[in-house]
Amino acid sequence: MTHHYGYVGAVLAALLFGISSTLNKIALRNVHPMIVAGSIYLTAGIVVMFLRFTPLKDKLLKKLEFKVKTQEFFSRRDFLILTFIVFFGSFLAPLSFMFGLNKTTAVNASLLLNTETLFTVLIALLVFKEKASGRSIIGILLILIGAAVISTENFKEVELSKGILGNILIILAGLSWAIDNNLSKLLSVKRDLLLVTSLKGLFGGSALLILASLIGIRFYIPLQSLPYVLTVGAFSIGFSIVLFLFALREIGAMKTGAIFSTSSLIGALFVFLILGESFTAIKAFFGILMLFGVYLLSLE
């Protein structure tokens, strides 16, 4: 039964990431998107690195060891893989998404961002040769359909012919995060997932903030926005990535990437509860559909 902890890890990672959409909306009222992106990744890196130097480190890492035999040491190849992970997942993806969002409509961006899950599954199947049963494929399709409906809200507003450059950048962001997800699977076998997460946050966040400075964006976070940025950084990025890596180790990139898509459902619920935005019966139905898809995956 220990394999089920991988599914629990993926769901918890999605839960932590899902709350970020609400908190980021509040922070973005007063902070530039690029500063938010860089700050939350840097915060994640600092918080998780700090944890590595506390007595909690060994306790946490011990709890994250189940069926897969882990490796203690990092080779040169591992650090090369980490470089690509940081580039695609912590730098190129958020950068493409930010600029893409400015050049297309919000509804287009919400729909196209679901390409991350699609690309993650395809890369896992075709490149890394992960195996999927018919039941798994049905579960993934249900999750994908549910995520597309919940994140898009009104398909009548989707106009992919508008903001073509922005649409391409959003798809590039999805592809970059998918590459990150699958490459991270290679490092998920390392025992020290805290080190992998902290380096990803530190390097990715620093690169984004340096680029922001070079293009003339002032680093400014007002005091009222700081709690939201720090919370998203520590929990929605930092701890979420640790749990995501654990899930990758236990159940693979294909299933983890699909289950992580439930963050759109969680995000919609939190936006409804905290910001009062609508949560319709259609969203509820497709949310249940997504959860049924997760259930089908967990039966494997």
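The values are calculated or read from the model by the stated rules, or taken from the named source; none is laboratory data. Note that this is a predicted model, so its numbers are computed, not measured. Cβ placement follows ideal geometry from the backbone for every residue including glycine, while neighbour counts extend to all protein chains displayed. Just so you know, the surface numbers come from the protein's heavy atoms only, side chains and all, with ligands and any DNA or RNA stripped out. Shrake-Rupley method; radii C 1.70, N 1.55, O 1.52, S 1.80 Å.
Could you tell me the calculated FRET efficiency between R77 and I215, based on Cβ-Cβ distance and R0 = 30 angstrom, to the nearest 0.05?
Calculated value: 0.35.
Can you pull out the chymotrypsin sites (Phe, Trp or Tyr not before Pro) in region 106-185 that DSSP calls coil and that have at most 14 other Cβ atoms within 10 Å?
Counting only loop positions with at most 14 other Cβ atoms within 10 Å, the chymotrypsin sites (Phe, Trp or Tyr not before Pro) in region 106-185 are F128.
For K190, the residues whose amide H sits under 5 Å from its own are Q71, ignoring neighbours fewer than 5 places away on the same chain, with H placed 1.01 Å from N. Stretching I282 away from E157 to a fully extended chain increases their span by 43.4 nm, per 0.36 nm per residue minus the current alpha-carbon distance.
Considering only L60, L223, L172, the Gaussian network model of the chain with Cα springs below 10 Å gives its largest mean-square fluctuation to L223. Placing +1 on the Cβ of every Lys and Arg and -1 on the Cβ of every Asp and Glu, with nothing else charged, gives region 70-225 a dipole about its Cα centre of roughly 260 debye.
Report the calculated FRET efficiency for A106 and L226 (r = Cβ-Cβ distance, R0 = 41 Å), to the nearest 0.05. Before the final figure, lay out each step's value.
Details: r = 25 Å, r/R0 = 0.62.
About 0.95, to the nearest 0.05.
A Gaussian network model of the chain, with springs between Cα atoms under 10 Å, assigns the largest mean-square fluctuation among L211, L42, L199 to L211. Phi-derived couplings, Karplus 6.51 cos²θ - 1.76 cosθ + 1.60 at θ = phi - 60°, listed residue by residue for region 254-263: 4, 5, 4, x, 5, 5, 4, 5, 5, 4 Hz, with x used for Gly and Pro. When Rg/Rh (Cα atoms, Kirkwood Rh) is calculated for this entry, the matching label among [x] 0.98; [y] 1.07; [z] 0.95 is [z]. Using the 1.4 Å probe convention, the accessible area of the chain works out to 47 Å² per residue with neighbouring protein chains retained.
Comparing Y220, Y41, Y228 in a Gaussian network model of the chain where C-alpha atoms under 10 Å apart are linked, the largest mean-square fluctuation is found at Y220. The share of accessible area on the chain that comes from carbon and sulfur is 71 percent, using a 1.4 angstrom probe.
Helices in the chain, meaning DSSP H runs of at least 4 residues, each add -39500 (n - 2.57). Divided by all residues, the mean residue ellipticity at 222 nm is -22500 deg cm²/dmol. Normalised by the number of residues in the chain, the average gap of Cα pairs under 8 Å and 6 or more apart makes the relative contact order 44 percent.
Each label was represented as a point 7 Å from its Cα along the Cα-to-Cβ direction; for K59 and I137 these points are 4.6 nm apart.
Averaging the sequence gap over all C-alpha pairs within less than 8 Å and six or more residues apart, then dividing by the number of residues, gives region 146-300 a relative contact order of 45 percent.
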